[in-house]
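The values are calculated or read from the model by the stated rules, or taken from the named source; none is laboratory data. Predicted model only: the values in this text are computed from it and were never measured. Cβ coordinates were reconstructed from backbone atoms using ideal geometry, including for glycine residues, and neighbour counts include every protein chain displayed. What goes into the accessible areas is simple: the full protein's heavy atoms, side chains included, and nothing from ligands, DNA or RNA. Shrake-Rupley method; radii C 1.70, N 1.55, O 1.52, S 1.80 Å.
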Amino acid sequence: MDNDNSNKGSEDERWFDSRVGDSLKQFDDAHKPYTPDRFEFEALVGAHKQAIRRKQWKELLLLWLIGCFLFGGMMWVLERDIVWFAIMQAVIACAAVGYVAVMFGKKKVSHRWNR
């Protein structure tokens, strides 16, 4: 009985190969995906790293410029009126504490099943 199944399986395989095999092989050959060479991947990665590095330098420059403007503004306020400087420092400190509390505070997690 097992021998009959193997003969039938190989007979089916031969029929499939004779009828569809060549067309299927042609289809596979016509639709092979393009796989780039290793050098193309390396060039792509190198270009991406260079773009990221350039972007990070721009962001760092922007951070320094904003910091300089803020520092200059705070020094100007300090020179003009120390009371306003103290008020601004207190407001900024409270805002920073509030931001940290909201962003990193305990989050309530429900352990119930949602239905």
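How long, wide and thick is segment 21-108, going by the Cα atoms along their three principal axes, in whole angstroms, largest first?
88, 39, 15
Evaluate the charge dipole of the chain about its Cα centre and quote only its size in Debye, nearest 20, assuming +1 on the Cβ of each Lys and Arg and -1 on the Cβ of each Asp and Glu.
With Lys and Arg at +1 and Asp and Glu at -1, about 1180 debye.
Which of W15, W57, W84 moves the most in a Gaussian network model of the chain with Cα springs under 10 Å?
Checking each option, the largest mean-square fluctuation is seen for W15.
Keeping all protein chains in place, calculate the accessible area per residue for the chain (probe 1.4 angstrom), answer in Å².
101 Å²
Each residue of segment 30-36 in order: what ³J(HN,Hα) in whole Hz does its phi give by Karplus 6.51 cos²θ - 1.76 cosθ + 1.60, θ = phi - 60°, with x for Gly and Pro?
After applying 6.51 cos²θ - 1.76 cosθ + 1.60, I find 6, 10, 6, x, 7, 10, x Hz.
Would you calculate, for the chain, the mean residue ellipticity at 222 nm contributed by helices, counting each DSSP H stretch of 4 or more residues as -39,500 (n - 2.57) and dividing by all residues, to the nearest 500?
So the calculated ellipticity at 222 nm is -27500 deg cm²/dmol.
How many percent of the accessible area of the chain is carbon or sulfur, using a 1.4 Å probe?
65 percent
What full-extension length gain, to one decimal in nm, is calculated for V91 and Q26 as 0.36 nm per residue of separation minus the Cα-Cα distance?
This chain segment gains 16.1 nm when fully extended.
State the answer as a single residue: which of H31, L78, F104 lies farthest towards the positive end of the charge dipole of the chain, with beta carbon charges of +1 for Lys and Arg and -1 for Asp and Glu, about the Cα centre.
Farthest towards the positive pole: L78.
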